[in-house]
Amino acid sequence: MEKEIKRVLLADDHAVVRAGIRQFLEKADDIQIVAEAEDGLAAQSLIEQCQPDVAVLDIQMPKASGIEVTRWIRSHHRQVGVLILSAYEDDPYVMAVLQAGANGYVLKTASPKDIIQAVRDVHNGKSALDPVITQKVLDQVVRQSNAPLVEQLTERELEVLTLVGRGHTNKAIGVQLSISDRTVQGHLARIFAKLQAASRTEAVMRAVSLGWLPSDLGVPIDNGKL
């Protein structure tokens, strides 16, 4: 019996990484790479053109993140399976991309054999989670079930956090809201405390999951500061 070929789009902004992933994926006799993209918008365009069975996406890509591309796929091409292949194992990234509708999440440290199997599983309608990611999902469920009620953010705090989610710096937020950098930092400190968040990314993702911010926000890159 002839094997069903899985048509795969590969999106990663590093050409060397794409080449390595392509090399071992195409060693599988049932996987064919039909397109490669170096940024999120190119991935969306190629999905429109090629109609792959599975999109293998990195998270941090120029122009549109893997999270944004996943949301777009779920809105426009629900039949396409989404497998996130990323070096990030941080909880906010994991939760954000799964909430966006990804079918699988595998770390780039996984073996070629496991990544190939993940592509097959996603194509067959199954979930494909790296063991590290599975544990994080379980831990998150436990934390949410034991977490105390979260204090509602003020209108100003929501404005600040929305701008954080859109990638604005503290200085840019201050200019837009006509407040000082120090005032912005004060708002962020209170936001972190209310949401029990340790980073800008975690604060944004937690507010999105609570329905307080729009789900189309990107994932801000943390710089270790408020």
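Tabulated values for the structure
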| quantity | calculated |
| --- | --- |
| Alpha carbon convex hull of the chain, projected area averaged over orientations, nm² | 13.1 |
| Fully extended contour minus Cα-Cα distance, from Lys113 to Glu26, at 0.36 nm per residue | 30.2 nm |
| For Ala128, residues with placed amide H under 5 Å, excluding near neighbours | Gly104, Tyr105 |
| Estimated FRET transfer efficiency when R0 is 25 angstrom, pair Lys63-Glu159 (beta carbons, to 0.05) | 0.45 |
| Estimated inter-spin distance, Leu41 and Ile179, nm [label 7 Å along Cα→Cβ] | 3.2 |
| Among the listed pairs Lys136/Lys171; Lys27/Lys136; Lys63/Lys108; Lys63/Lys194; Lys126/Lys194, those beyond 29 Å (Cα-Cα) | Lys136/Lys171; Lys27/Lys136; Lys63/Lys194; Lys126/Lys194 |
| Residue-by-residue Karplus 3J(HN,Hα) for region 195-204, coefficients 6.51, -1.76, 1.60, Hz, glycine and proline x | 8, 6, 9, 9, 8, 4, 4, 5, 5, 5 |
| Ranked His14, His77, His168, His187, criterion: other C-beta atoms within 10 Å, fewest first | His14, His77, His168, His187 |
| Extended-chain gain in nm, criterion 0.36 nm per residue less alpha-carbon gap, His76 and Val137 | 19.3 nm |
| Relative contact order [Cα under 8 Å, 6+ residues apart], the chain, whole percent | 14 |
| Pair Ser127, Cys50: separation of 7 Å Cα→Cβ label points (nm) | 2.8 |
| Region 5-130, relative contact order [Cα under 8 Å, separation at least 6], % | 22 |
| Rg/Rh ratio calculated on Cα atoms of region 147-209 (Kirkwood radius) | 0.95 |
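Every number here is computed from the coordinates shown, using simple stated rules; none is lab data. Given the structure is predicted, the values throughout are model-derived calculations rather than measurements. Note that we place each Cβ from the backbone using ideal geometry, even for glycine, and neighbour counts take in every protein chain shown.
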